[in-house]
Structures are given as structure tokens and as C-alpha cells.
């Protein structure tokens, strides 16, 4: 496996779970600093929802591609046997 493929696959696998935590950290920082307006909270909430939607979408697409290429089929058969 080429390094560039390995890095891309690692990022695709890690990012969907990491992005919501980063976004929650940014929202927590904004909350603790005080003086956050309703408009800023609205944008933080919309950004969090968008991040979660994209993370779910990427995860589903990645799983579908893996199944398409036969990755995980042997594991599923072994678990049900």
C-alpha cells in the first residue's frame, strides 16, 4: 500500500469521529469566554449540526465502498458462523 493511500484512508477513518469533538471544544471555549451573542450561538449550532451530518455521510460512504471492495465480508461471515 502506498503511503499516500494509507494517509488518506487514515484521515477518512479518523476525521468523522474527531470533527464533532473539535467543534464541541470550540463551542465550550466560546461559552466559557462569555459575551457570546445569539447570532454566534446560532452559527455554532448550525456548524455542529453540519459537522455531524457530514461525519455520518462520510462514514456511510466509506463503509459502502469498503463493502463494495469486499473488505469486512469475511469478518461478518466469521461472526455469524
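Here are the numbers for the structure shown:
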{"read-out": "Estimated distance in nm for a label pair at residue 2 and residue 32, the labels positioned 7 Å out from Cα along Cα-to-Cβ", "value": "4.3 nm"}
{"read-out": "Degrees separating the helix 3-33 axis from the principal Cα axis of the chain, which is the longest one", "value": "20 degrees"}
{"read-out": "Tail fraction, Cα-Cα pairs, region 3-80, threshold 17 Å, whole percent", "value": "60 percent"}
{"read-out": "Net length gained if the chain between residue 54 and residue 10 were fully extended (0.36 nm per residue, minus Cα distance)", "value": "14.2 nm"}
{"read-out": "In degrees, nearest ten, helix 38-68 long axis to first principal axis of the chain (Cα)", "value": "0 degrees"}
{"read-out": "Cβ-based exposure ranking for 14, 52, in which fewest neighbours within 10 Å come first", "value": "14, 52"}
{"read-out": "Estimated [θ] at 222 nm from DSSP helical runs (n ≥ 4, -39500 (n - 2.57)) normalised by residues in the chain, nearest 500", "value": "-30500 deg cm²/dmol"}
{"read-out": "Computed over region 3-80: relative contact order in percent, which uses C-alpha pairs under 8 Å that are six or more apart", "value": "40 percent"}
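Bear in mind these aren't lab numbers, they're just calculated from the coordinates by the rules spelled out. Everything numeric in this text was worked out from a predicted model, so none of it was measured. Every residue, glycine as well, gets a Cβ built from its backbone with ideal geometry; the counts of neighbours run over all protein chains shown.
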